[in-house]
Amino acid sequence: MHMKNKRQSIAQQGFTLIELMVVMVILGILATMIVPRIMDRPEEARRTKAAIDIQALEQALKLYKLDNGKYPTTEQGLQALVEPPSVGKLAKRWRKGGYLDKNKVPKDPWDNDFVYISPGLHSDFDLMSYGADGEPGGEGNDADINNWELK
(Lines give C-alpha, C1' and ligand atoms only; values in the text may rest on other atoms or scores of the structure.)
Protein backbone atom coordinates (compact mmCIF):
# COMPACT_ATOMS: atom_id res chain seq x y z
CA MET A 1 0.00 0.00 0.00
CA HIS A 2 2.72 2.43 0.90
CA MET A 3 4.39 2.00 -2.52
CA LYS A 4 1.12 2.60 -4.36
CA ASN A 5 0.60 5.94 -2.57
CA LYS A 6 4.14 6.97 -3.51
CA ARG A 7 3.48 6.23 -7.23
CA GLN A 8 0.26 8.26 -7.16
CA SER A 9 2.14 11.14 -5.56
CA ILE A 10 4.83 11.09 -8.30
CA ALA A 11 2.16 10.90 -11.02
CA GLN A 12 0.38 13.88 -9.53
CA GLN A 13 3.62 15.92 -9.46
CA GLY A 14 4.22 15.16 -13.16
CA PHE A 15 0.71 16.25 -14.03
CA THR A 16 1.23 19.49 -12.08
CA LEU A 17 4.39 20.15 -14.10
CA ILE A 18 2.46 19.67 -17.36
CA GLU A 19 -0.24 22.03 -16.13
CA LEU A 20 2.44 24.57 -15.28
CA MET A 21 3.91 24.29 -18.80
CA VAL A 22 0.46 24.81 -20.37
CA VAL A 23 -0.13 27.88 -18.20
CA MET A 24 3.29 29.27 -19.20
CA VAL A 25 2.49 28.81 -22.89
CA ILE A 26 -0.89 30.52 -22.45
CA LEU A 27 0.75 33.42 -20.59
CA GLY A 28 3.33 33.73 -23.36
CA ILE A 29 0.60 33.93 -26.00
CA LEU A 30 -1.31 36.54 -23.98
CA ALA A 31 1.87 38.58 -23.46
CA THR A 32 2.55 38.73 -27.20
CA MET A 33 -0.97 40.06 -27.73
CA ILE A 34 -1.07 42.54 -24.83
CA VAL A 35 2.48 43.99 -24.69
CA PRO A 36 2.20 45.94 -27.98
CA ARG A 37 -0.96 47.63 -26.65
CA ILE A 38 0.71 48.55 -23.37
CA MET A 39 3.79 49.93 -25.12
CA ASP A 40 1.64 52.68 -26.72
CA ARG A 41 0.30 53.83 -23.35
CA PRO A 42 3.19 56.18 -22.43
CA GLU A 43 2.60 58.22 -25.59
CA GLU A 44 -1.14 58.27 -24.94
CA ALA A 45 -0.42 59.49 -21.39
CA ARG A 46 1.79 62.29 -22.76
CA ARG A 47 -0.97 63.43 -25.11
CA THR A 48 -3.47 63.43 -22.23
CA LYS A 49 -1.07 65.43 -20.04
CA ALA A 50 -0.59 67.98 -22.84
CA ALA A 51 -4.37 68.43 -23.12
CA ILE A 52 -4.67 68.88 -19.34
CA ASP A 53 -1.81 71.40 -19.32
CA ILE A 54 -3.47 73.35 -22.15
CA GLN A 55 -6.71 73.50 -20.16
CA ALA A 56 -4.83 74.71 -17.06
CA LEU A 57 -3.09 77.40 -19.13
CA GLU A 58 -6.48 78.45 -20.54
CA GLN A 59 -7.80 78.94 -17.00
CA ALA A 60 -4.73 81.00 -16.04
CA LEU A 61 -5.18 83.13 -19.18
CA LYS A 62 -8.84 83.74 -18.28
CA LEU A 63 -7.82 84.90 -14.80
CA TYR A 64 -5.23 87.19 -16.39
CA LYS A 65 -7.96 88.70 -18.58
CA LEU A 66 -10.28 89.19 -15.59
CA ASP A 67 -7.57 91.17 -13.82
CA ASN A 68 -6.23 93.10 -16.82
CA GLY A 69 -9.13 93.35 -19.26
CA LYS A 70 -7.35 91.52 -22.09
CA TYR A 71 -5.26 88.46 -22.82
CA PRO A 72 -1.49 88.76 -23.15
CA THR A 73 -0.38 89.45 -26.72
CA THR A 74 1.56 86.91 -28.75
CA GLU A 75 4.67 89.01 -28.13
CA GLN A 76 4.12 88.97 -24.36
CA GLY A 77 3.43 85.24 -24.55
CA LEU A 78 2.68 82.83 -21.74
CA GLN A 79 5.53 84.36 -19.74
CA ALA A 80 3.04 87.13 -18.85
CA LEU A 81 1.40 84.56 -16.57
CA VAL A 82 4.47 84.36 -14.32
CA GLU A 83 5.94 87.88 -14.54
CA PRO A 84 4.45 91.24 -15.46
CA PRO A 85 4.84 91.94 -19.19
CA SER A 86 7.58 94.40 -20.10
CA VAL A 87 6.58 94.82 -23.78
CA GLY A 88 3.39 96.01 -25.41
CA LYS A 89 0.53 97.31 -23.32
CA LEU A 90 1.48 96.70 -19.71
CA ALA A 91 -0.79 94.86 -17.27
CA LYS A 92 -1.92 97.44 -14.70
CA ARG A 93 -3.49 94.97 -12.26
CA TRP A 94 -1.14 92.03 -12.68
CA ARG A 95 -1.68 89.60 -9.79
CA LYS A 96 1.21 89.42 -7.33
CA GLY A 97 2.62 85.90 -7.50
CA GLY A 98 1.40 85.37 -11.05
CA TYR A 99 -1.24 83.08 -12.47
CA LEU A 100 0.55 79.72 -12.50
CA ASP A 101 1.63 77.38 -9.73
CA LYS A 102 5.37 77.04 -9.26
CA ASN A 103 5.76 80.46 -10.94
CA LYS A 104 6.96 78.77 -14.12
CA VAL A 105 5.44 78.30 -17.58
CA PRO A 106 5.28 74.54 -18.14
CA LYS A 107 6.65 72.83 -21.21
CA ASP A 108 4.68 70.20 -23.05
CA PRO A 109 5.38 66.53 -22.21
CA TRP A 110 7.96 66.38 -25.03
CA ASP A 111 9.90 69.27 -23.46
CA ASN A 112 8.81 71.82 -26.08
CA ASP A 113 7.21 75.20 -25.44
CA PHE A 114 3.47 75.50 -25.87
CA VAL A 115 2.56 77.73 -28.81
CA TYR A 116 0.46 80.78 -27.88
CA ILE A 117 -1.09 83.18 -30.39
CA SER A 118 -3.28 86.12 -29.36
CA PRO A 119 -5.52 87.14 -30.94
CA GLY A 120 -6.00 83.65 -32.24
CA LEU A 121 -7.30 82.36 -35.53
CA HIS A 122 -9.90 80.14 -33.81
CA SER A 123 -10.84 82.15 -30.70
CA ASP A 124 -9.50 84.96 -28.53
CA PHE A 125 -6.25 83.02 -28.29
CA ASP A 126 -4.87 79.81 -29.76
CA LEU A 127 -2.87 77.49 -27.53
CA MET A 128 -1.27 74.32 -28.82
CA SER A 129 1.36 71.64 -28.50
CA TYR A 130 2.89 70.29 -31.70
CA GLY A 131 2.97 66.74 -30.30
CA ALA A 132 5.86 64.27 -30.23
CA ASP A 133 7.65 65.61 -33.31
CA GLY A 134 7.57 69.26 -32.17
CA GLU A 135 6.50 70.32 -35.69
CA PRO A 136 3.16 71.70 -36.90
CA GLY A 137 0.76 69.10 -38.30
CA GLY A 138 1.42 65.40 -38.17
CA GLU A 139 -0.58 62.28 -37.48
CA GLY A 140 -0.90 59.86 -34.60
CA ASN A 141 1.50 60.76 -31.78
CA ASP A 142 2.92 63.60 -33.90
CA ALA A 143 -0.50 65.27 -34.28
CA ASP A 144 -0.99 68.73 -32.80
CA ILE A 145 -3.04 69.19 -29.65
CA ASN A 146 -5.07 72.40 -29.97
CA ASN A 147 -7.17 74.21 -27.36
CA TRP A 148 -10.04 74.82 -29.82
CA GLU A 149 -10.37 71.06 -30.41
CA LEU A 150 -10.46 70.04 -26.74
CA LYS A 151 -13.76 69.41 -24.98
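The values are calculated or read from the model by the stated rules, or taken from the named source; none is laboratory data. None of these values were measured; they are calculated from a predicted model. Note that each Cβ is placed from the backbone with ideal geometry, even for glycine, and that neighbours are counted across all protein chains shown. Heavy atoms of the whole protein, side chains included, go into the accessibility calculation; ligands, DNA and RNA do not. Shrake-Rupley method; radii C 1.70, N 1.55, O 1.52, S 1.80 Å.
Worth pointing out:
- Residue count for region 51-94, restricted to those that are surrounded by fewer than 15 Cβ atoms within 10 Å (Cβ to Cβ), assigned to a loop (DSSP other than H, G, I, E, B) and not acidic (Asp, Glu): 9
- Among the conditions (1) closer than 22 Å to Phe114 by Cα; (2) open to solvent by 70 Å² or more (accessible area, probe 1.4 Å); (3) modelled with pLDDT under 90, Pro42 misses just one, which is (2).
- Being in contact with a strand residue (DSSP E or B) (Cβ under 6 Å, 6 or more places away or on another chain) and hydrophobic (A, V, I, L, M, F, W, C) holds for only one residue in Ala60, Ala51, Ala80, and it is Ala51.
- Some residue of region 55-68 being more than 21 Å from Asp101 (Cα to Cα), at pLDDT 75 or above and under 35 Å from the mean Cα position of the chain (by Cα): no
- The set of residues from region 109-135 being part of a strand (DSSP E or B), of a type in the set (Ser, Thr, Tyr) and within 14 Å of the chain's Cα centre (by Cα) comprises just one member, Ser129.
- Residue within region 121-136 that is open to solvent by less than 60 Å² (accessible area, probe 1.4 Å), of a type in the set (Ser, Thr, Tyr) and farther than 17 Å from Glu44 by Cα present: yes
- Residues that are open to solvent by less than 90 Å² (accessible area, probe 1.4 Å) and at pLDDT 65 or above, drawn from region 4-18: Thr16
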